[in-house]
1. Lys519 - would you say it is open to solvent by 40 Å² or more (accessible area, probe 1.4 Å) and closer than 30 Å to Leu461 by Cα?
2. Before we move on, is Lys125 in contact with a helix residue (DSSP H, G or I) (Cβ under 9 Å, 6 or more places away or on another chain), loosely packed, with under 15 Cβ neighbours inside 10 Å and assigned to a helix (DSSP H, G or I)?
3. Need the failing condition index for Leu221 against (1) buried (at least 18 other Cβ atoms within 10 Å of the Cβ); (2) farther than 25 Å from Ser291 by Cα, just the number.
4. Would you tally the residues in region 136-167 being part of a strand (DSSP E or B) and under 34 Å from the mean Cα position of the chain (by Cα)?
5. Go through region 485-512 and report how many residues are under 18 Å from Leu683 (Cβ atoms), open to solvent by less than 50 Å² (accessible area, probe 1.4 Å) and over 31 Å from the mean Cα position of the chain (by Cα).
6. Would you mind stating whether Ile196 is open to solvent by less than 40 Å² (accessible area, probe 1.4 Å) and at pLDDT 85 or above?
7. Looking at region 389-405 only, could you name the residues that are in contact with a Leu (Cβ under 9 Å, 6 or more places away or on another chain) and at pLDDT below 85?
8. Looking at Glu252, Glu234 in this structure, which one is over 30 Å from Tyr167 (Cα atoms), open to solvent by 80 Å² or more (accessible area, probe 1.4 Å) and either at pLDDT below 85 or not polar (S, T, N, Q) (or both)?
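The values are calculated or read from the model by the stated rules, or taken from the named source; none is laboratory data. Computed from a predicted model, the values in this text were never measured in an experiment. So basically every Cβ, Gly included, is an ideal-geometry build from the backbone, and we count neighbours across all protein chains shown. Note: areas computed on protein heavy atoms with side chains; ligands, DNA, RNA excluded. Shrake-Rupley method; radii C 1.70, N 1.55, O 1.52, S 1.80 Å.
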Amino acid sequence: MAASKVNKFLEDINEHLECSICTDQLKDPKTLNCLHTFCMTCLEKWVTTKGTLTCPTCCKTYPIPEGGLHKLAPNTFLNNILETVEHFLENDEKTVCVCGMGEKVESYCQDCKEYICSICCASHKGIPALRSHKLYSMNDMKEMSQKEITSLHPSQCLLHGEILEYYCQDCEDPICMNCTILGHRDCVGRQKPIAISEAFKTLKETSVELEKDAYTYTTELENSLKEVLEVDTELEKNKAKSLQDIEEYVQETIKTIKKNGEAMEKQAKTIYEKKKKEIDEQRHELRQTVSDVKTKLNLLHKLMKGNEVSAMKLGKTVVKGLADRINDLPKTDKIDDGQTDFCQIKQQFVQLQEFNPENLIDVTAGVIANCLTLNGNKSVIENETIVIKVRKQTECEVDANQLNATWITQQGLEEVKFEEDNGEYVLTKKITSIGVCRLDVTVNGKYIRNSPMKITVEKELINSINLGVVGQDVIKYKDDCLLVSCCTNEILKCKTSGEHIGKIRLPKGTQVYRMFKMKNGNIAFSDNVRKCITICTMDGEVIRTFGHGVLKFLRDIYIDEVSDVVYVADSDNGTVVLDIGSGQVINRWTQPNTYVRDVTMTNQRQILILDSRHGLLLAGNNGRLIKVVVEISDNVVFGKLTNPNAVVVDKHDNIIVSSRYNVQLFDKDGKFIKVIGEIKGSLEICIISHQPRKIAVTNQYDKTLQILNY
C-alpha cells in the first residue's frame with residue numbers, strides 16, 4: 001500500500017482522529033455519551049481542571065463512572081483504524097525483508113504482520129506450521145480498499161484472544177466463541193449470544209429509520225438557517241434605510257427637533273445591535289447543531305460501511321447519541337424579520353418638539369403582524385372540523401377584527417373570521433373539499449408568522465381490502481406490506497393497495513391469533529390452541545414457544561424488547577408478564593371481575609391495559625394502577641368504551657381504541673377527539689404511518705381490512 005494512499009485515507013477521516021483538546025492525533029480514545037471522543041490523558045487533565053466531566057465540545061455534563069475515567073467506553077472503531085494505519089505507515093516504506101538477508105520485500109503476511117521477501121515466502125509455503133498463513137502480494141496490498149485494509153487484522157477478544165464472531169444481548173458487547181461457552185464479564189450462566197451479522201442487521205434497520213429522521217431534521221435546520229440569513233440581510237438593509245429616513249426628517253424640522261436626531265440614531269443602533277446579537281446567536285446555534293448532526297450522521301455512515309464488530313462496539317452509543325441530539329433540537333422559528341421603521345408623526349408638531357428615541361419603533365414589538373403566529377394541523381380529513389389558532393408572541397394590542405383571513409380552495413376565495421378566546425384568536429371550520437387549501441392571514445397588509453398556511457385534505461377511507469376470512473389481527477411488516485392473521489396456521493401478506501402477495505405457512509395445529517413484529521424481523525404471536533407464545537421467522541419456521549401451562553385464554557401480546565419481557569392479555573389471568581429468555585412468569589396483574597382484551601405501552605414506557613369491564617387502565621411497570629384513562633359504558637357513547645377490542649398508541653401520544661361499534665381517537669389523557677371512520681365490528685388496529693397519519697383496521701362483520709387516514 002503506497003504512502004500516498006494511506007495519507008489520503010488519513011485526510012478523509014482526519015476530523016475523527018483528532019482530539020479537540022490537544023489538537024493532536026487521538027491516543028487511547030475515550031467516547032462520551034454525546035459521541036465526542038478525546039484522548040484519555042486529555043480528559044483526565046480536563047476533569048482535574050474543571051472538577052466535573054463536561055464535554056469540551058458541546059458542554060454537556062456526565063457523571064464520572066465508578067472506577068474513574070478508565071471505565072469510559074473505548075472508541076474501538078477509531079482504535080482499530082489508528083492501529084491499522086500506524087502499522088502500515090511503519091512498514092510502508094520498508095523495502096528490505098525483516099529476515100535480515102537484505103532481500104527485497106514481495107509479500108505481506110497477515111498472520112506475521114510483516115512484509116517478507118521471496119525466500120521467506122517459499123519458507124511459508126514449505127514449513128507446515130506456516131502454510132496456513134495468509135500472504136498478499138505487494139500489488140494486492142496497493143489495490144486494497146480502506147475497508148479491506150482494516151479487516152486484515154479484525155478485533156479480538158481481550159479475554160481469549162479469539163475473533164469476535166458473536167454478540168451478547170445481555171451485556172450488549174461483541175464476544176468470541178469461548179465467551180459463549182465459558183462466559184464473560186458478569187454474564188456467566190446467562191449469556192444471550194447471537195451471530196454478529198444478525199446483531200448488525202438489527203442495528204442497520206434501526207439506523208435506517210434514524211437516518212431518515214436525521215435527514216428530515218437537518219433539512220429543517222438548514223432551511224431555518226437560510227431564513228435567519230435572509231433576515232440578517234434584510235436587517236442590514238433596513239438599518240441603513242432607517243438611519244437615512246431619520247437624517248432626512250431631522251434636516252427638515254426645526255432646530256429643536258434636530259437636537260433629537262442623535263438620540264434617534266443612537267436608539268436605531270441600539271435596536272440594530274440587539275437584533276443583530278439575537279440573530280448572530282441563533283445563527284451560531286443552528287450552524288453548530290447542523291454541524292453536530294452531520295458529524296454524528298457521518299460517523300454512523302462510516303460505521304455502517306465499516307467492520308461489523310467495530311460497528312457493534314459503538315453502534316448503540318452512536319444511535320443513542322444521534323437520537324438524543326435530534327430530540328434536543330434548538331428552536332427553529334425566526335426570532336425576527338429584520339425590520340426597523342421610523343414613526344413619522346407630522347400632524348402633531350408639539351409632539352415632535354418633545355420627540356424622544358421611543359418614536360423609533362422596533363417592528364418586532366410594534367408591528368402587530370410579527371407578534372402573531374398561525375398554528376394548526378396541516379393535514380386533515382374530508383368533512384373534519386379543524387381548529388386553527390393565532391397566538392400572540394409578545395404583549396401587543398390587537399382586535400380579532402384586525403385579522404384579515406382568506407380561505408382559498410379550487411372552488412374560489414372565502415373570507416373567514418377569527419374569534420377571540422382566552423387571549424388567542426380561533427378559527428373553526430369544517431373542511432368539505434379534497435385537495436390542497438390555503439389560509440392567508442394578514443394584519444395591515446402584512447402576513448403574520450406561518451402565513452400563508454397550506455392544508456392538505458384527504459379522504460378518510462383510503463381502501464377496503466376484501467380478505468374473504470375474518471382478520472383477527474394486522475401488523476405492518478415493512479413499507480406498505482401488512483400481515484393479517486386469521487386464527488389458522490397461515491398468515492396473509494398484502495399491500496395497502498389491496499394486492500395479495502402471498503402467505504406465511506406454519507406447522508399444522510398452529511393457530512395464529514394476535515401478532516407482534518420484533519426488531520430482528522421475527523414474528524411473535526399468541527396461540528390459543530396450544531396456549532402459548534410462539535416466535536417464528538418470516539418463512540414460517542418456528543424458533544421457540546413458551547408460556548405452556550401458564551396461559552389460559554390468550555388475547556393480545558406486546559413485547560418490550562428493551563426489558564426482554566412480553567406482556568400477555570389473558571382474559572382469565574389478567575395481564576401476565578413473561579421473561580422472553582426463560583419463558584418464566586415475572587409478574588401477574590389482575591383485578592376483581594377482570595376481562596383483559598389488550599395491552600400495550602405508551603411512549604413514556606407506562607402500560608395501557610384494555611379491560612372490557614373496567615375500561616382503559618394506565619399502570620406502571622410494576623403493575624400498580626395509576627388511573628382509569630377511558631371509562632366503560634353499557635351504551636354506545638362517544639368518549640367511552642363499549643365492548644372494546646384493541647388499543648394502540650401513535651408517535652404523538654394519541655390513543656386509538658377499536659370496539660364492536662366504532663374506532664375512537666383520544667389524547668394521552670383520555671380526552672375524546674373523534675370517531676375514525678364508520679366501522680362496526682372492528683377488531684385489531686395497526687398504525688401504518690405517523691405522517692401522514694394512517695391506520696389499518698380489521699373488520700369481522702364484512703371480512704375486510706380497511707385503510708384509513710385519521
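1. yes
2. It is false that Lys125 is in contact with a helix residue (DSSP H, G or I) (Cβ under 9 Å, 6 or more places away or on another chain), loosely packed, with under 15 Cβ neighbours inside 10 Å and assigned to a helix (DSSP H, G or I).
3. Condition not satisfied by Leu221: (2).
4. 4
5. Count: 5.
6. yes
7. Lys392, Gln393, Cys396, Val398
8. Glu252
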